[in-house]
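Engineer: Quick one: structure below, then a few questions.
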Amino acid sequence: MFRGIVVKATKVKPILRRAYFRCMVCGYIFPKEFEDVFEKPESCENPACENTTKFELLKEGQEFEEFQELTVQELPEELPPGQLPQGIPVYVRGDLAGKIRPGDRVSLTGIVDARPEGQIRPGRRPLYTVYVNAVYLETESGISEEVKLTDLEKQKIIAMRDDPDLENKIIASIAPSIYGYDHIKKAVSALLFGGVPKQLSDGTKIRGTINILMVGDPGTGKSQILKYVSQIAPRAIYTSGKGASAAGLTAAVVRTEDEWTLEAGVLVLSDRGIACIDEFDKMSRDDRRALHEAMEQQTISIAKAGIVATLNARTSILSAANPKFGRYIPDREISENIDLPPTILSRFDLIFIFTDKPDREKDQKMAKHILGLHTKEINPTP
């Protein structure tokens, strides 16, 4: 048994399980069952017949079973830093097929097997591909299943409940090595905790997560805050807008050898988590348009190559961007400094401006804080 996230799913297809063959010599009809590979009978089951080659597959009496191939990948939060996530093909059959979509987190029980990548011939490397035949498959619904607390941790959480200074301690725990920005860290902590989604009486849904955009001068610690959030959040993915595409952020329809398959992107993989997008202003206009539905409706709709699907993207987006002119110009309006269209800005609940203004007293405190970190006089762990 193992856990993972589904990043790819093929269409559900019927696979032949049982069929009848007619002997072309004596006319005897007999059944044959198949596992994964279709094979003709080696001989006629009539004892009086010696036919070994001439058989006819009958359409009558064929039995099929639903079949689907998934690609299950390691969970992002369990992946060691700097390593690429590994995936494995999973074959699901019968009632299990058609119930899983890309982006779903699953607990899977199956039988590990191997198959040759091609026909094994003398002089060629006998390479095999490992796959899993699923026996049981269950979708994980919430993040609470991933967090296992010890008794000591539960006692500490209960003790913190009555702490009158709890809010300030939480704020101080957000990127403690970054000096200042208490109001921004308070907003980031609210993003980490999340909210409660609501559904009104008329069916309108209101998302419970918030989206934050940080715009400001270079060297003000925006990327460091993003990196810190991606490390402490149980379910978070960090990406840079400069190397991201619309398909990589949302979902992609990819053509394989014989069909089109659906692959999940960053926002789908970080469902019920946080997507940290750095260099948000470096994204192309078409790629940013793909985020409109995900940021407000928290879904991603795909309609391409005969695949029509709606994937969940219940994620908070924490983004960082640079001003339009390289540095923030206080004499100009906010809309002139931020090189983003109003359609995407309206989907951010909080927008923070980072300015690097010359201030003798503030710069002295910041320099003292940085030197204290390097000389280990200041412990960043709160």
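Engineer: Before we move on, is E336 closer than 28 Å to N211 by Cα, open to solvent by 80 Å² or more (accessible area, probe 1.4 Å) and part of a helix (DSSP H, G or I)? Explain how you work it out, then say what you get.
Structural biologist: Values: closer than 28 Å to N211 by Cα: yes; open to solvent by 80 Å² or more (accessible area, probe 1.4 Å): yes; part of a helix (DSSP H, G or I): yes.
It is true that E336 is closer than 28 Å to N211 by Cα, open to solvent by 80 Å² or more (accessible area, probe 1.4 Å) and part of a helix (DSSP H, G or I).
Engineer: More than 30 Å from F352 (Cβ to Cβ) and in a helix (DSSP H, G or I) - does that describe any residue in the stretch 159-172? If you could, list the steps in order and put the result at the bottom.
Structural biologist: First pass over the stretch 159-172, keeping only residues more than 30 Å from F352 (Cβ to Cβ): 159, 162.
Filter once more, keeping what is in a helix (DSSP H, G or I): 159.
Yes.
Engineer: Scan G195, G208, G248, G203 and give me the residue that is free of Cβ contacts under 8 Å to residues at least 40 places away in the same chain and at positive phi.
Structural biologist: Just one listed residue meets the conditions, G203.
Engineer: From Y28, Y20, grab the single residue that is surrounded by 15 or more Cβ atoms within 10 Å (Cβ to Cβ), touching a Pro at 6+ places or on another chain (Cβ under 7 Å) and farther than 25 Å from D113 by Cα.
Structural biologist: Y20
Engineer: Ok, one more. Could you list, in sequence order, the residues of the stretch 183-232 that are among the charged types (D, E, K, R), open to solvent by 50 Å² or more (accessible area, probe 1.4 Å) and not in a loop (DSSP other than H, G, I, E, B)?
Structural biologist: Scanning the stretch 183-232 gives K186, K198, K205, K227.
Engineer: Give me the pairs: first residue in the stretch 1-26 and more than 20 Å from P102 (Cα to Cα), second residue among the β-branched types (V, I, T), beta-carbon distance under 9 Å, and six or more apart or on different chains, which are they?
Structural biologist: Correct list of pairs: Y20/I29; F21/I29; R22/I29; C23/I29; M24/T53.
Engineer: Based on what the data block shows, is T315 closer than 24 Å to I206 by Cβ, surrounded by 14 or more Cβ atoms within 10 Å (Cβ to Cβ), polar (S, T, N, Q) and modelled with pLDDT of 85 or more?
Structural biologist: So T315 fits the description; yes.
Engineer: For residues that are out of contact with any Gly (no Cβ under 8 Å at 6 or more places or on another chain) and assigned to a loop (DSSP other than H, G, I, E, B), scanning just the stretch 273-303, find the one that is nearest to G194 (Cα to Cα).
Structural biologist: Ranking the candidates gives G273 first.
Engineer: If we keep just the residues of the stretch 94-117 that are more than 18 Å from the chain's Cα centre (by Cα), open to solvent by 40 Å² or more (accessible area, probe 1.4 Å) and of a type outside the set (A, V, I, L, M, F, W, C), which is modelled with the lowest pLDDT?
Structural biologist: So the residue we want is E117.
Engineer: Out of curiosity, is D331 in a loop (DSSP other than H, G, I, E, B), at pLDDT 80 or above, in contact with a helix residue (DSSP H, G or I) (Cβ under 6 Å, 6 or more places away or on another chain) and open to solvent by 40 Å² or more (accessible area, probe 1.4 Å)? If you could, list the steps in order and put the result at the bottom.
Structural biologist: Working: in a loop (DSSP other than H, G, I, E, B): yes; at pLDDT 80 or above: yes; in contact with a helix residue (DSSP H, G or I) (Cβ under 6 Å, 6 or more places away or on another chain): no; open to solvent by 40 Å² or more (accessible area, probe 1.4 Å): yes.
Against the criterion (in a loop (DSSP other than H, G, I, E, B), at pLDDT 80 or above, in contact with a helix residue (DSSP H, G or I) (Cβ under 6 Å, 6 or more places away or on another chain) and open to solvent by 40 Å² or more (accessible area, probe 1.4 Å)), D331 does not qualify.
Engineer: Taking K148, is it closer than 30 Å to T71 by Cα and free of Cβ contacts under 8 Å to residues at least 60 places away in the same chain?
Structural biologist: So K148 fits the description; yes.
Engineer: Related question: Condition first: free of Cβ contacts under 8 Å to residues at least 40 places away in the same chain and open to solvent by 50 Å² or more (accessible area, probe 1.4 Å). Now tell me which residues in the stretch 255-268 satisfy that. I'd like the intermediate steps shown before the answer.
Structural biologist: Taking the stretch 255-268 as the starting set, the residues that turn out to be free of Cβ contacts under 8 Å to residues at least 40 places away in the same chain are 257-258, 265-266.
Matches in the stretch 255-268: E257, D258.
Engineer: While we're looking at this one, here's another question. Would you check which residues across the stretch 298-330 are within 20 Å of the chain's Cα centre (by Cα) and free of Cβ contacts under 8 Å to residues at least 40 places away in the same chain and list them?
Structural biologist: If the condition is that a residue be within 20 Å of the chain's Cα centre (by Cα) and free of Cβ contacts under 8 Å to residues at least 40 places away in the same chain, then T299, S301, A303, V308, T310 are the ones that fit.
The values are calculated or read from the model by the stated rules, or taken from the named source; none is laboratory data. Just so it is clear, the model here is predicted, and its values are computed rather than measured. Backbone-built Cβ (ideal geometry, glycine too); neighbour counts: all protein chains shown. These area figures cover heavy atoms from the full protein model, side chains too; ligands, DNA and RNA do not enter into them. Shrake-Rupley method; radii C 1.70, N 1.55, O 1.52, S 1.80 Å.
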